[in-house]
1. Of 434, 469, 458, whose Cα points farthest to the positive end of the dipole of region 403-503 (charges on the beta-carbon: +1 Lys, Arg; -1 Asp, Glu; origin at the Cα centre)?
2. Tell me the net charge near residue 45. Cut-off is 15 Å between Cβ atoms, residue 45 excluded, with +1 for each Lys or Arg and -1 for each Asp or Glu.
3. Near the amide H of residue 229, under 5 Å away, which other amide H atoms are found, from residues 5 or more places off or on another chain, if H is placed in the peptide plane?
4. Once the piece of chain linking residue 320 and residue 109 is laid out straight, how much longer is it, given 0.36 nm per residue of separation minus the C-alpha distance between them?
5. With charges set only on the Cβ (+1 for Lys and Arg, -1 for Asp and Glu), what does the dipole of region 403-503 come to about its Cα centre, in debye to the nearest 20?
6. Would you mind pulling out the separation of the Cα centroids of region 185-262 and region 427-475, in Å?
7. Full extension from residue 401 to residue 142: what is 0.36 nm times the residue separation minus their Cα-Cα distance, to one decimal in nm?
8. For residue 482, what is the net charge nearby, where nearby means another residue's Cβ is under 11 Å from its Cβ and Lys, Arg count +1, Asp, Glu -1?
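Taken together, the values in this text are just the output of simple stated rules run on the coordinates, not laboratory data. Predicted model, so just to flag it, every value in this text is computed and none were measured. With ideal geometry, Cβ positions are generated from the backbone for all residues, glycine too; neighbour counts draw on all protein chains shown.
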Amino acid sequence: MLHHKFIRAARHYRRKTAIIDCNLNREISYDQALIAALILARRFGRLEQGRIGVMLPTSSAGALAIIGATLAGLAPVMINYSTGSEKNCLYAQRQCDFQAIVTTRGLLEKTGCPQLPGMVFIEDILGNLGRGEKTLAFLKSRLPAALLCKLCGGRNPQASAVVLFTSGSEKDPKVVQLTHSNLESNIDAFSDMMKLDDFDSLLSVLPYFHVFGLTVNLWTPLTRGMTTIDYANPLEFKTIARIIREKKPEIVVGTPFFLEGYLRQSTPGSFDSLKLVVSGADKCPATLRAGYRDKHNIEIIEGYGTTETSPVISANPREANRPGSIGKPIPGTEVRIVDHETGKDCAPGVTGKILVRGDGVMAGYLNDTEETSLRLKGGWYDTGDLGYLDEDGYLWHQGRLKRFVKIGGEMVSLVNVEETLNELTPQAVECCAVELPDARRGSRIVAVVTAAIDEQDTLKKLSARLPNLALPKKFVVVPEFPRMDSGKTDFRTLTRIVIEQERGVS
């Protein structure tokens, strides 16, 4: 159980710093973290049974609230506050059958969210602690680890450890319930593959409502005795580059969009503490790899995962990195590539749908048997992504199936169009390809760029590298792409913006 692993780590590393909270300029030892989590567990246990909402930023308060919930035998329901906090709170309460939401007044003010029924403010809890409950938590923290584990939380590894929501980049978020067994197996396999015991500190900036942040930035370091360096806003590139320079983490895990921002704000020598930089959640551009290599002599390690797989599916081994691939399946995880029409296994090098089976795969979507049956068959989870395995077992991502369009009877990859556009346009210009309906062909491709370019020259160069069916029929300038919380482009919103521009809607 995750909370039992944390208890053992806290007892073993009592005086070691568990969390450096750069939001508050505060350090918390493992001993202090355990006591605080025990206090929160007692308070949370009075509020809910089964599940409890958590809407907190990446911080010591956020980490301790999640740990406290699990110590109380509750599954934290992680609420995304970056894409509409009020709407997401109500959606989570409705879908997951709970009322209490642990949050802060500061976050409500920042996100423009009103105080909703059931909200509990963590600053009120921590600011009004009685001497008796402090003493009780202290005494409990001194119990033998085995006894404390028996007293805290459940002991069923198949019990829900967290409830998360998919990004909703293509449709309404689905509710993903991950068990202790799911997360523990993923943490152990990823840690063994990356040899994380070689490291002592990790920068934690990804949001906890994102599975990447929850598993890799929170539970992994705090169950393995590492120091986690927290900061709430991954978009504050300059601040985070300074934190890396001053606090000297050994590991940074992020998305390409975030890693690119940190690189721009860094100077040669300022990232010397970094021994491992892992990129995930989106395809890592070759230019980003080259940037870290040239400026800091750091080779980015790319991995791949989904919310439904806890998240890591594959990663490049540190000693056998194959740039451009998304690595080898982690121990205990199997990957199949099947033809997206026939369902038959594909030979090495042949692109098909990526299916995954293993201990990290969810049991299903909460209260959604229809969607579960579509994505889970015979224990194999259909990721909705396309890729291929090479002869050496490395996985190569080719894009989401939904990001392929059928034009004139042929399947065209929007990702391939984007990558080619990015190679042919100035580095400062972001490029994206979106699908719009077409009366004659069914679909057409529109290129979206963040600054004006020479369209005729670009089309001429594109025609030398792409088939005619893949050539954009139009270029649209959008000053800034809408983003998901992970930094990924929000394709639904971007497509709507393009449609509105075509219709003349401001």
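1. 469
2. Working: positive: 42, 43, 46, 51, 140; negative: 48, 133.
Computed value for this residue: +3.
3. 20, 202, 203, 204
4. On the way: separation 211, 0.36 × 211 = 75.96 nm, distance 4.69 nm.
Between residue 320 and residue 109, full extension yields an extra 71.3 nm.
5. On the way: 15 positive and 15 negative charges, 86 e Å.
Its charge dipole is roughly 420 debye.
6. About 36 Å separates the Cα centre of region 185-262 from the one of region 427-475.
7. Working: separation 259, 0.36 × 259 = 93.24 nm, distance 5.28 nm.
Residue separation times 0.36 nm, minus the Cα-Cα distance, leaves 88.0 nm.
8. On the way: positive: 483, 488, 492, 496; negative: 480, 490.
Around residue 482, the charge tally is +2.
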